[in-house]
Amino acid sequence: LLTLIIADAALETVPKELWGHSAVKRHAESKGKEPGEILLDRSYHHSAMLRLKDHGRRGRPDLIHLALLEATSTPLYKEGGLRIYIHTVAGLAIEIKGGVRTPKSFFRFEGLFEELMKKGEVVSGRRPLIRVWRASFKELLGRVKPSITIGLSRIGRPKSLEEIAAELSSAVRPTLVVGGFPRGHFTEHTSAHLDRLYSISRMPLEANVVIARAIYEYEKITLRRTLQA
Ligand SMILES: C[S@@+](CC[C@H](N)C(=O)[O-])C[C@H]1O[C@@H](n2cnc3c(N)ncnc32)[C@H](O)[C@@H]1O
């Protein structure tokens, strides 16, 4: 079972200090919600966000949408071989249970995550689908209990994805960490807990591309093993 963590993810509700800003108030009103109930989104809140610490790395729910859509569409996830967590810039851990079908429309994704942030979980019937709780990256790892934690970053040690997938698949509880932010690198809180940091290309790539490729390489080893057994 592979665990994927989308770390330092630029996904959060509008923080309190921006609730009074006109762009935020207008946007929330147009959605019939309170400012604290909507997702921080650079496309709408750019001017307000300039006041925020680390604003260049925040307010990109679209990146998380694409990354999650990619991960939950893979055969590995559909076969029950992939556990997915998101760890956000605001220090929240989100667990995506098995069988979640990420909405293809961003509008619906946004609605789903706004509901999650308000209620703490999203259920289908009685079955919990997505859950959020406050936890540091270290605490999240305490729950995942990885035997190896491999982070991917353009500034890591060059290694092919085939080799990385082989290393992951030979571990008992492998965990792969991909950044959910638009620019920069993992925060100290995250990078301090990575056992390895690998680069798969000299080019900076989008997280969704990295996730799709990494999972495919892992599938080629592990799903083939399952099919042969
Ligand atoms: C949009 S990038 C973040 C920007 C960052 N400057 C970078 O290039 O790594 C999102 C994530 O994709 C992964 N990624 C992007 N390019 C990569 C590369 N060349 N090698 C390994 N991982 C990469 C990393 O996990 C990164 O945090």
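The values are calculated or read from the model by the stated rules, or taken from the named source; none is laboratory data. Predicted model only: the values in this text are computed from it and were never measured. With ideal geometry, Cβ positions are generated from the backbone for all residues, glycine too; neighbour counts draw on all protein chains shown. The area values use the complete protein model at the heavy-atom level, side chains included, leaving out ligands, DNA and RNA. Shrake-Rupley method; radii C 1.70, N 1.55, O 1.52, S 1.80 Å.
Within segment 81-127, the residues that satisfy the criterion of being among the aliphatic types (A, V, I, L, M), touching an Asp or Glu at 6+ places or on another chain (Cβ under 8 Å) and either open to solvent by 50 Å² or more (accessible area, probe 1.4 Å) or not in a strand (DSSP E or B) (or both) are VAL89, ALA90, MET117.
Quick one: which of ARG157, ARG213 is touching a Ser or Thr at 6+ places or on another chain (Cβ under 7 Å) and either free of Cβ contacts under 8 Å to residues at least 60 places away in the same chain or outside any helix (DSSP H, G or I) (or both)? Lay out the reasoning, then the answer.
Numbers: ARG213 fails: touching a Ser or Thr at 6+ places or on another chain (Cβ under 7 Å).
When all the criteria are applied, what remains is ARG157.
Of all residues in segment 43-61, those satisfying the criterion of being surrounded by 17 or more Cβ atoms within 10 Å (Cβ to Cβ), assigned to a helix (DSSP H, G or I) and touching a helix residue (DSSP H, G or I) at 6+ places or on another chain (Cβ under 6 Å) are TYR44, HIS45, ALA48, MET49. Could you tell me whether segment 31-48 includes any residue that is over 27 Å from GLY98 (Cα atoms), free of Cβ contacts under 8 Å to residues at least 40 places away in the same chain and hydrophobic (A, V, I, L, M, F, W, C)? Yes, there is a match, as at least one residue in segment 31-48 is over 27 Å from GLY98 (Cα atoms), free of Cβ contacts under 8 Å to residues at least 40 places away in the same chain and hydrophobic (A, V, I, L, M, F, W, C).
Can we say SER191 is farther than 20 Å from ARG60 by Cα and within 8 Å of the ligand (Cβ to nearest atom)? No, not satisfied.
Every residue, every condition in (1) within 10 Å of the ligand (Cβ to nearest atom); (2) surrounded by fewer than 22 Cβ atoms within 10 Å (Cβ to Cβ); (3) hydroxyl-bearing (Ser, Thr, Tyr), yes or no:
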| residue | (1), (2), (3) |
| --- | --- |
| LEU129 | no, yes, no |
| VAL132 | no, yes, no |
| ALA135 | no, yes, no |
| VAL144 | no, yes, no |
| LEU152 | yes, no, no |
| SER160 | no, yes, yes |
| ALA165 | no, no, no |
| SER170 | no, yes, yes |
| PRO182 | yes, yes, no |
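Residue pairs whose Cβ atoms lie under 7 Å apart, sitting 6 or more positions apart in sequence or on different chains, and linking a residue in segment 191-209 that is part of a loop (DSSP other than H, G, I, E, B) and at pLDDT 95 or above to a partner that is within 6 Å of the ligand (Cβ to nearest atom) and open to solvent by 70 Å² or more (accessible area, probe 1.4 Å), are PRO204/ARG154. Restricting attention to segment 19-44 and to residues that are hydrophobic (A, V, I, L, M, F, W, C) and in contact with a Lys or Arg (Cβ under 7 Å, 6 or more places away or on another chain), the residue that is farthest from HIS55 (Cα to Cα) turns out to be ILE38.
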